[in-house]
Amino acid sequence: MAVAQRLSLIGPIKDLLDTSAYYALSWWNVLRGRNDRYANSLFKVLLLSNKVNQRGEPKASPRPPSLRSTLGVQFVDFHDSVTRSLNRLDEMAELLRISMLMSPWYYSIMNIYIEMVKKVATGRALAPFLGEVFPLAEELRRAGLDIKTYERREEPIKDLAEVGITSLERAASACEISRVEYDTLILFESFHWFIDPYREVKCLVDRLRRGGKVIVGNTDAAALPSIATVFLWSGNNVFTADMIEDLLPLAGLTRVQRFSKTPYYFSIFERT
């Protein structure tokens with residue numbers, strides 16, 4: 001209930017879901033028929049969220065945006081900026097994701113996760129691809145956590161350096177990093193960057209001590225197709241809450257607490 005109340009600062013949950021679906025389908029009206037990664041990514045997310053059929057035909061017409069709070073208006077404004085950028089996504093996709101991460105409405109969501117981490121994280125923590133969500137990195141550093149990350153791209157490394165995170169390795173996946181034992185895994189929007197999600201998570205778990213905690217926060221693509229699409233335009237994967245809950249136990253983790261399933265998934269897992 002507490003998470004739902006925090007998310008409602010942007011607007012009523014139903015209005016939040018309707019707004020996301022409205023924009024995702026409006027983007028599809030523009031990109032449909034294009035054979036590029038942006039159209040294909042959007043189609044994948046719309047299928048996962050059950051907004052279109054296999055032929056790409058919309059299944060419903062969601063209501064136009066009706067968010068009225070300050071954060072809700074900012075949420076709508078961000079989506080409008082994406083709409084204006086659809087014909088130049090090669091240059092804008094990355095900038096749109098960064099703009100989203102730095103938006104006050106998105107920070108209100110990220111702050112839920114930050115509070116979870118402060119209560120649960122102990123000892124040495126590993127945060128995959130933290131530079132891809134660099135505003136979180138600054139908050140974690142301020143919390144005094146002993147955090148290490150790994151990155152495959154140069155830009156996220158530079159972003160991390162700017163906020164004071166220097167403990168990192170250059171690696172394409174967790175399977176390539178040093179075999180050091182960690183007490184906590186910090187997975188915030190991490191699944192978007194995994195090339196091979198099961199292998200990545202398995203290698204992460206192999207570096208987690210028995211009883212170590214995994215703190216998960218991730219967009220539920222089935223609920224918020226527009227936000228999932230913005231991540232996918234810069235990343236490699238998109239997940240629903242159900243997909244995450246299917247994947248993590250396969251890698252040897254047990255869920256010990258779930259705070260919210262949708263529209264944002266927040267939970268704690270443990271290595272058994």
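Cross-link reach is defined here as a Cα-Cα straight distance under 19 Å, omitting same-chain residues fewer than 8 places apart; for LYS213 the lysines meeting it are LYS118, LYS119, LYS148, LYS202, LYS261. Database remark: amide H of GLU169 closer than 5 angstrom to the amide H of THR149, TYR150, GLU151 (H placed geometrically; neighbours at sequence offset of 5 or more, or on other chains; Pro and chain starts carry no H). Computed with a 1.4 Å probe on the full set of protein chains, the accessible area for ASP36 sits at about 40 Å². Close amide H partners of PHE188, meaning residues 5 or more places away or on another chain with modelled amide H under 5 Å apart, are GLY217. Accessible area per residue (1.4 Å probe, heavy atoms of protein chains only) ranks VAL180, VAL238 as VAL180, VAL238, with the largest value leading. When the alpha carbon gyration tensor of the stretch 159-234 is reduced to an equivalent ellipsoid, the three semi-axes, largest first, read 23, 17, 13 Å.
Can you pull out the GluC sites (Glu not before Pro) in the stretch 126-193 whose DSSP state is coil and whose Cβ has at most 15 other Cβ atoms within 10 Å? Write down the numbers at each step before the final one.
Working: sites: GLU132, GLU138, GLU139, GLU151, GLU154, GLU162, GLU169, GLU176, GLU181, GLU189; in loops: GLU181, GLU189.
Here the sparse-neighbourhood loop sites are GLU181.
How would the stretch 111-271 be classified by its alpha-carbon gyration tensor: rounded, prolate or oblate, with rounded meaning a/c under 1.5 and the a/b versus b/c comparison settling the rest? Cα axes put the stretch 111-271 in the rounded bin. At each listed q (0.28 Å⁻¹), what is the log10 of I(q)/I(0) that the Debye formula gives for the stretch 1-67 modelled as equal alpha-carbon point scatterers? Values returned for q = 0.28 Å⁻¹ are -1.15.
Excluding THR149 itself, calculate the net charge of residues whose Cβ lies under 10 Å from the Cβ of THR149, where each Lys or Arg counts +1 and each Asp or Glu counts -1. Intermediate values should be presented prior to the final figure.
Working: positive: LYS148; negative: GLU132, GLU151, GLU169.
Charge balance near THR149 sits at -2.
Between SER61 and ARG84, take the C-beta separation as r, use R0 = 25 Å, and let me know the FRET efficiency to the nearest 0.05. Write out the running numbers ahead of the final one.
On the way: r = 22 Å, r/R0 = 0.87.
With R0 = 25 Å, the Cβ-Cβ based efficiency is 0.70.
What is the percent carbon and sulfur in the accessible area of the stretch 160-272, measuring with a 1.4 Å probe over the protein chains and ignoring ligands?
Values: 1780 of 3960 Å².
Whole-percent figure for carbon plus sulfur exposure: 45.
When the Cα gyration tensor is reduced to axis lengths a ≥ b ≥ c, the ratio a/c is 1.5 or higher for the stretch 65-142, and with a/b not above b/c it is classed as oblate. When only alpha carbons of the chain are considered, Rg and Dmax amount to 18.0, 50 Å. Normalised per residue, the accessible area of the chain is 42 Å², obtained with a 1.4 Å probe and no contribution from ligands, DNA or RNA.
Extending 7 Å from the Cα toward the beta-carbon at both ASP206 and MET102 defines two label points whose distance is 3.8 nm. With the whole protein complex present, LYS51 retains an accessible surface near 60 Å², based on a 1.4 Å probe. For the stretch 223-264, backbone nitrogen atoms closer than 16 Å to the point 7 Å from ALA2 Cα along Cα-to-C-beta are found at 257-261.
Computed from Cα positions, the angle between helix 13-31 and the longest principal axis of the chain comes to roughly 70 degrees. Between ARG68 and ASN111, take the C-beta separation as r, use R0 = 22 Å, and let me know the FRET efficiency to the nearest 0.05. Between ARG68 and ASN111 the formula returns 0.55. Rounded, prolate or oblate: which one fits the stretch 1-123, using the alpha carbon gyration tensor with axes a ≥ b ≥ c (rounded when a/c is under 1.5, else prolate when a/b beats b/c, else oblate)? Prolate, because a/c is 1.5 or more and a/b exceeds b/c. Given their separation in residues at 0.36 nm each and the Cα-Cα distance between them, GLU162 and VAL256 gain 30.3 nm when the chain is fully extended. The 1.4 Å probe gives accessible areas that order THR262, THR166, largest first, as THR166, THR262. The accessible area of LYS148, taken with all protein chains in place and a 1.4 Å probe, comes to roughly 40 Å².
The values are calculated or read from the model by the stated rules, or taken from the named source; none is laboratory data. Just so it is clear, the structure is predicted and the values come from calculations on it, not from any experiment. A quick note on method: Cβ atoms are made from the backbone with ideal geometry, for glycine too, and the neighbour counts reach across all protein chains shown. Heavy atoms of the whole protein, side chains included, go into the accessibility calculation; ligands, DNA and RNA do not. Shrake-Rupley method; radii C 1.70, N 1.55, O 1.52, S 1.80 Å.
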